[in-house]
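The values are calculated or read from the model by the stated rules, or taken from the named source; none is laboratory data. Model, not experiment: these values are computed from the prediction. Quick reminder, even Gly has a Cβ in these numbers, built from the backbone with ideal geometry, and neighbours come from all protein chains shown. Keep in mind that these areas ignore ligands, DNA and RNA; they rest on the heavy atoms of the full protein, side chains included. Shrake-Rupley method; radii C 1.70, N 1.55, O 1.52, S 1.80 Å.
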Amino acid sequence: MLNHTAHKIEGDKDSSNNEMESRYKYKDKFYDSKSELYAAILVDQAAEQFGIKDIVSLTLALDNQGLLNKPFQAVGASKGTSFASKYGAEALPWEMPKRLPTHMRGGTWRYTKVFGRFLGRLAGPIGWGILAYDVGMTLYNTQITYNDIINGK
């Protein structure tokens, strides 16, 4: 069925009256159905929204998985650490007067006094936050553009 649909779409593109038969125009291209239009807008908006900052954000989010082994492990601690936490602690080894909350695990907060480690542990949630924002903005902008075209604005 997908093969049939793909050939039907290709056949429609070859039609000389395609612009006359199409109902929706987006960026000088014509679309016969609302689903084709929505998909085209979504791809275009995603290409505009996602860029180099999203590669960095994804890297930060994935780094927070604890991929590096620790030289020792305290009771109840995680088995690994992130690159950002390890190298943040080396670059900014300042010990804070009070413990700073970093994340929750098992329903309890985890803390650190090392400023660089604190910043390193924030990298993952910040990365996920940026990615969530960009996905939300992509969907929002897609819907606004789609509605404007469908409603004739």
Quiz prompt | Single condition Gly116 does not satisfy, out of (1) more than 22 Å from the chain's Cα centre (by Cα); (2) modelled with pLDDT under 80; (3) of a type outside the set (A, V, I, L, M); (4) open to solvent by less than 60 Å² (accessible area, probe 1.4 Å) | solution = (2)
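Is it the case that some residue within region 82-90 is surrounded by 13 or more Cβ atoms within 10 Å (Cβ to Cβ) and modelled with pLDDT of 75 or more? Talk me through it step by step, then tell me what you get.
As a first pass, look at region 82-90 and keep what is surrounded by 13 or more Cβ atoms within 10 Å (Cβ to Cβ): 82-89.
Now drop any that are not modelled with pLDDT of 75 or more, which leaves none.
No, because not a single residue in region 82-90 is surrounded by 13 or more Cβ atoms within 10 Å (Cβ to Cβ) and modelled with pLDDT of 75 or more.
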Exercise. Among what's in region 94-153 and is of a type in the set (S, T, N, Q) and in a helix (DSSP H, G or I), pick the residue that is nearest to Leu42 (Cα to Cα).
Key: Thr142
Self-check item: Residues of region 119-153 classified as open to solvent by less than 60 Å² (accessible area, probe 1.4 Å) and among the aromatic types (Phe, Trp, Tyr), total
Solution: 1
Quiz item: Restricting attention to region 136-151, does a residue exist that is within 30 Å of Lys27 (Cα to Cα), at pLDDT 80 or above and more than 27 Å from the chain's Cα centre (by Cα)?
Solution: yes
